[in-house]
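Worksheet: one structure, shown below.
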Amino acid sequence: QKEVEQNSGPLSVPEGAIASLNCTYSDRGSQSFFWYRQYSGKSPELIMFIYSNGDKEDGRFTAQLNKASQYVSLLIRDSQPSDSATYLCAVTQVSGTGKLIFGQGTTLQVKP
Amino acid sequence: KAGVTQTPRYLIKTRGQQVTLSCSPISGHRSVSWYQQTPGQGLQFLFEYFSETQRNKGNFPGRFSGRQFSNSRSEMNVSTLELGDSALYLCASSSADSETQYFGPGTRLLVL
């Protein structure tokens, strides 16, 4: 079992729709959770982080964390073609180690 | 604030050679983590430095090494290059009181 799992996709949604990206993790003691966006040929760009159970909203993005079920999700409202990218879920298992464990990423395609 | 910078951006080497990559973190950030990204393995943690000390290391052979200087700039070195070392090498920095990592543009290494 991989430590962080994501559906590789591609996930295709029409412009203006809600895109839902999911991630599960195996270590119940995981501390912090991050979503990065990576355009082809570019480096990962931080979108959101979440530490506590529940929802966290930032503009069109909402991160949801459920530690009991060991999953974290990212919702993108009013999806735009510019949102088309690979979305990487990352987890820290131990605080203060500088080690992020990444999923393989989900490719999102937003069609005009 | 200026972001994380990495040099060089592109590098071509031949098998058996060695290479040194450089990373300058965001001003004030004392933690630098290095990652290797390949299409097959995704993003994998190499090591992390904080205040000139290696705090954590991933599962890579000893050919991969690094160091950090007193100004928080970091270098990683790969000796005896193999074809499989071709990858995007990313560094990320974070502040002392945060788990959030910000990535540089990466160095794309091609080993022939």
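Read-outs throughout are calculated quantities, based only on the coordinates presented, and are distinct from any laboratory measurement. What you see is a predicted model; the values in this text were computed from it and never measured. Glycine also receives a Cβ, built like all others from the backbone with ideal geometry; neighbour counts cover every protein chain displayed.
Points worth noting:
- Residues of segment A:13-35 satisfying the condition of being assigned to a strand (DSSP E or B) and under 18 Å from A:ARG60 (Cβ atoms): A:VAL13, A:PRO14, A:ALA19, A:SER20, A:LEU21, A:ASN22, A:PHE34, A:TRP35
- Considered as a group, the residues in segment B:65-80 that are in contact with a Phe, Trp or Tyr (Cβ under 6 Å, 6 or more places away or on another chain) and small (Gly, Ala, Ser) include one that is farthest from B:ARG30 (Cα to Cα), and that residue is B:GLY66.
- Among the criteria (1) farther than 17 Å from A:ILE101 by Cβ; (2) surrounded by 17 or more Cβ atoms within 10 Å (Cβ to Cβ); (3) not small (Gly, Ala, Ser), the one B:ARG63 does not fulfil is (2).
- Residue satisfying condition, being over 25 Å from B:PRO105 (Cβ atoms) and within 14 Å of chain B (Cβ to nearest Cβ), within set A:SER40, A:SER30, A:SER26: A:SER30
- Looking across segment B:13-23, just one residue is hydroxyl-bearing (Ser, Thr, Tyr) and touching a residue at least 60 places away in the same chain (Cβ under 8 Å), and that is B:THR14.
- Looking only at residues in segment A:83-109 that are among the small types (Gly, Ala, Ser) and in contact (Cβ under 8 Å) with a residue 24 or more places away in the chain, the one that is surrounded by the fewest Cβ atoms within 10 Å (Cβ to Cβ) is A:SER95.
- Filtered by the rule that a residue be touching a residue at least 60 places away in the same chain (Cβ under 8 Å) and either at the interface with chain A (Cβ under 8 Å from one of its Cβ atoms) or aliphatic (A, V, I, L, M) (or both), segment B:36-88 gives B:VAL78, B:LEU81, B:LEU83.
- Count of segment B:9-50 residues, restricted to those that are under 23 Å from B:LEU81 (Cα atoms), in contact with a Lys or Arg (Cβ under 9 Å, 6 or more places away or on another chain) and surrounded by fewer than 20 Cβ atoms within 10 Å (Cβ to Cβ), is 6.
- Residue selected from segment B:89-107 under the condition facing chain A (nearest Cβ under 9 Å) and not in a loop (DSSP other than H, G, I, E, B), by the criterion nearest to the chain's Cα centre (by Cα): B:LEU90
- Every residue from segment A:1-50 that is aromatic (Phe, Trp, Tyr) and over 11 Å from the mean Cα position of the chain (by Cα): A:TYR25, A:TYR39
- Among the residues listed as A:LEU74, A:LEU46, A:LEU21, the single one being within 14 Å of chain B (Cβ to nearest Cβ) and either free of Cβ contacts under 8 Å to residues at least 60 places away in the same chain or buried (at least 18 other Cβ atoms within 10 Å of the Cβ) (or both): A:LEU46
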